[in-house]
Amino acid sequence: MSSCARGAGHSRCAYKEMPFPIKVCVICSREFELRPDKPGFANRCPSCSEPDAEEPPADHSFGPIERKVRHEVDAARRRAMRDLLYRKDV
Ligand SMILES: [Zn+2]
């Protein structure tokens, strides 16, 4: 069974506790986990992603990255669910 989001090539996942990439906030330079479900911008920490931020949204700078992360997490989640289903069958 492989629960590693990095793909089947990884037998041992080194990111067990931190499955999301660490990004540096462009506003306050603090490090934060880039989660696909993190509200706000992918290049800002949660506290700098408050809706009342004055900066205009920079869609183009985080679109591809966020989409890629979301896709990876989605795939891993789907794989895990399929694993569960098959396990129930057996
Ligand atoms: Zn910040």
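Near PRO46: Cβ cut-off under 13 Å, other residues only, Lys/Arg at +1 and Asp/Glu at -1. The net charge is +1.
Protection proxy ranking, highest mean first, for peptides 69-79, 36-46: 36-46, 69-79, where packing is the per-residue count of other beta-carbon atoms within 10 Å, averaged.
Taken together, the values in this text are just the output of simple stated rules run on the coordinates, not laboratory data. Since the model is a prediction, treat every value here as computed from it, not as a measurement. A quick note on method: Cβ atoms are made from the backbone with ideal geometry, for glycine too, and the neighbour counts reach across all protein chains shown.
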